[in-house]
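**Student:** What follows is a structure written as structure tokens; I'll ask about it next.
The values are calculated or read from the model by the stated rules, or taken from the named source; none is laboratory data. Keep in mind that this is a model prediction, so the values were computed, not measured. In this analysis, Cβ positions are derived from the backbone assuming ideal geometry, glycine residues included, and neighbour counts consider all displayed protein chains. All accessible areas refer to the heavy atoms of the entire protein, side chains included, with ligands and DNA or RNA removed. Shrake-Rupley method; radii C 1.70, N 1.55, O 1.52, S 1.80 Å.
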Amino acid sequence: MSVGTNTTVDVRITTRAELALHGLAWEAPVRRPDGAGPSDDGHVLVDGANAALPTNPASPYSVRDGKVWLGDEAGHFQDTGLTVEAVQRPKFYDLTTADGIRYEEIARLHGADVLATTVVQTCIRYAESDRCRFCTIEESLRSGATVAAKTPAQLAEVAQAAVRLDGVRQMVMTTGTTTGPDRGARNLVRSVRAVLEAVPGLPVQVQCEPPGDLAWIGALHDAGATAIGIHVESLDDEVRRRWMPGKSTVPMAEYEAAWDEAVRVFGPNRVSTYLLVGLGEDPDELIAGAGRLIERGVYPFVVPFRPMAGTLAARDGVRAPGTEVLRHVTEGVAAKLRAAGMSGADQQAGCAACGACSVLRTAGG
């Protein structure tokens, strides 16, 4: 691996990678302390683009006069050249359903204009022996921040309010894996239909494991979903077994079949998958694997692993990757995306379209 040998390092990408890993010594009004994906983040706009950054009092990066400043041990501060703006608490958070459930418990604002929800907040793989070591999907349920299952009617009600009151432009629906062969897709189909009846034309991304019956992918598209995320997190089977003991029982061949069917149904660059940097996969092999996904028409959404509170990884003292590794992988994958003419923004909805949890947008991917 040739990490650190590039003599033309883009300082802006390096700084953005530092922020993704170490966050800001600043309290953002909109935060997400736990959940199904990268979390414990404050939602801000960095240079006008969505960014989900850890809130970290120990970070050397702080905010003053709308800019990001880098401090040193001597107390000197340097302007990084990046602007930052807080995402304000949305108005729809002030509302409740007729039966007293806060809208915030049903769906959350991500970035400035993305509504996100975990339709089923439980997962059949959450026992410690099966759990993904980076996941806290059920911790937000235990803390009382959400409800276990959101009904299609509730999601439609909240989506309508979020669009009307706060200018939400897209929605993401993910789910914990369920016991049926659809692995959660059935609930997503119902939810997408209900939301689009209430808010016609709202771009929606759905996220689930590869369903046992690939016909569910077509059903999700027919329900009106704009894009789909089928998240593998790592392309290395040894890493998968170590980090995702339950989820790794789904063979890579099932992921490949699901990606290919999804590209057939949704079209190229309407299908994405998470790839986490820092799980132990060789960075250059990760970049090469991302290239193979791009050739399939799948967008590899590269995100740094961060040891979130409540995860098994944090309990065991696993640390985030270094800045140079994250930069190296991000720039390598972004170059392949540019060569293929793929942009996350073109997906219209979902993690790649939002871009907040990754540095890819900064690197031109």
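**Student:** For segment 191-232, count all C-alpha to C-alpha pairs, find those more than 17 Å apart, and express that count as a whole percent of the total. Don't skip to the end; give the middle numbers.
**Tutor:** Numbers: 242 of 861 pairs.
More than 17 Å apart: 28 percent of the Cα pairs in segment 191-232.
**Student:** Find the centroid of the Cα atoms in segment 332-357 and in segment 146-211, then give the distance between the two in whole Å.
**Tutor:** So the separation of the two Cα centres works out to 22 Å.
**Student:** Using 1/(1 + (r/R0)^6) with R0 = 35 angstrom and r between the beta carbons of THR249 and GLN348, what's the FRET efficiency to the nearest 0.05? Before the final figure, lay out each step's value.
**Tutor:** Numbers: r = 32 Å, r/R0 = 0.93.
The value I calculate is 0.60.
**Student:** What is the sum of charges around SER272, taking Lys and Arg as +1, Asp and Glu as -1, for the other residues whose C-beta is under 15 Å from the C-beta of SER272?
**Tutor:** For residues surrounding SER272, the net value is -2.
**Student:** Another question, then. Extension gain GLN78-LYS91, at 0.36 nm per residue separation less the Cα-Cα distance, in nm?
**Tutor:** 1.2 nm
**Student:** Sticking with this structure for a sec: Taking 7 Å along the Cα-to-C-beta vector as the label spot, tell me the ARG190-ASP316 distance in nanometres, rounded to one decimal.
**Tutor:** 3.6 nm
**Student:** Further, regarding this structure: Give the span of segment 120-257's Cα atoms along each principal axis, as three whole-Å numbers ordered largest to smallest.
**Tutor:** Projected onto the principal axes, the Cα atoms of segment 120-257 cover 46, 36, 24 Å.
**Student:** Still on this model: So what J values fall out for segment 49-57 if you push phi through Karplus, 6.51 cos²θ - 1.76 cosθ + 1.60 with θ = phi - 60°, rounded to Hz, Gly and Pro as x?
**Tutor:** After applying 6.51 cos²θ - 1.76 cosθ + 1.60, I find 9, 4, 8, 10, 10, x, 8, 9, x Hz.
**Student:** While we're on this one: Can you give the helix-only mean residue ellipticity at 222 nm for the chain, where every DSSP H stretch with n ≥ 4 adds -39500 (n - 2.57) and the sum goes over all residues, rounded to the nearest 500 deg cm²/dmol?
**Tutor:** -9500 deg cm²/dmol
**Student:** Separate question: Of all GluC sites (Glu not before Pro) in segment 128-233, which ones are in loop regions per DSSP and have a Cβ with at most 11 other Cβ atoms within 10 Å?
**Tutor:** Listed in order of number, the matching sites are GLU128.
**Student:** For the chain, just give the cysteines left without a disulfide-compatible partner, judged by no other Cys Cβ under 4.7 Å.
**Tutor:** So far as the 4.7 Å Cβ criterion goes, CYS123, CYS208, CYS351, CYS354, CYS357 stand without a partner in the chain.
**Student:** While we're on this one: By the gyration tensor of its Cα atoms, with a ≥ b ≥ c the square roots of the eigenvalues, what is the shape of segment 240-365: rounded for a/c under 1.5, prolate for a/b over b/c, or oblate?
**Tutor:** Because a/c hits 1.5 or more and a/b fails to exceed b/c, segment 240-365 counts as oblate.
**Student:** For the chain, which whole percent of the accessible surface, found with a 1.4 angstrom probe, sits on carbon and sulfur atoms? Intermediate results must be reported in sequence, preceding the final value.
**Tutor:** Working: 7040 of 14410 Å².
Ligands and nucleic acids excluded, carbon and sulfur give 49 percent.
**Student:** Using only Cα atoms, what Kirkwood radius does segment 19-147 have, in angstroms? Present the calculation step by step, with values, prior to reporting the outcome.
**Tutor:** Numbers: mean 1/r = 0.0618 Å⁻¹.
For segment 19-147, inverting the mean 1/r across all distinct Cα pairs yields 16.2 Å.
**Student:** On to the next question. Convert each backbone phi in segment 67-75 into a coupling constant with the Karplus relation 6.51 cos²θ - 1.76 cosθ + 1.60 (shift: θ = phi - 60°), then list the ³J(HN,Hα) values in order as whole Hz, x for Gly and Pro.
**Tutor:** 3J(HN,Hα) across segment 67-75, in whole Hz: 10, 8, 10, 9, x, 10, 5, 7, x.
**Student:** What number, in nm² with one decimal, is the all-direction average of the projected area of the convex hull of the alpha-carbon atoms of the chain?
**Tutor:** Projected area, direction-averaged: 17.3 nm².
**Student:** Just to verify a number: FRET efficiency for ARG12 and ARG164, C-beta to C-beta distance, R0 = 41 Å, to 0.05?
**Tutor:** Computed FRET efficiency for ARG12 and ARG164 comes out at 0.70.
**Student:** Pairs of lysine in the chain with Cα under 28 Å and at least 8 positions apart or on different chains: total?
**Tutor:** 4
**Student:** Further, regarding this structure: So what are the ³J(HN,Hα) numbers for segment 233-246, from phi and the Karplus equation (6.51, -1.76, 1.60; θ = phi - 60°), rounded to whole Hz, Gly and Pro as x?
**Tutor:** For segment 233-246, the Karplus-derived couplings read 6, 8, 9, 9, 4, 5, 5, 4, 5, 6, 8, 9, x, x Hz, x marking Gly and Pro.
**Student:** Next up: List the residues, sorted by chain then number, that are 5 or more residues from VAL277 or on another chain and whose placed amide H is less than 5 Å from its amide H.
**Tutor:** The answer is VAL303, PHE305.
**Student:** Which one of VAL147, LEU53, ALA198 is farthest out on the positive end of the charge dipole of the chain, using unit charges on Cβ (Lys, Arg +1; Asp, Glu -1) and the Cα centre as origin?
**Tutor:** Most positive-ward Cα: ALA198.
**Student:** With a 1.4 Å probe and all protein chains left in place, how much accessible area per residue does the chain have, in Å²? It would help to have the intermediate numbers written out before the result.
**Tutor:** Numbers: 14410 Å² over 365 residues.
With the other protein chains kept in place, the chain gives 39 Å² per residue.
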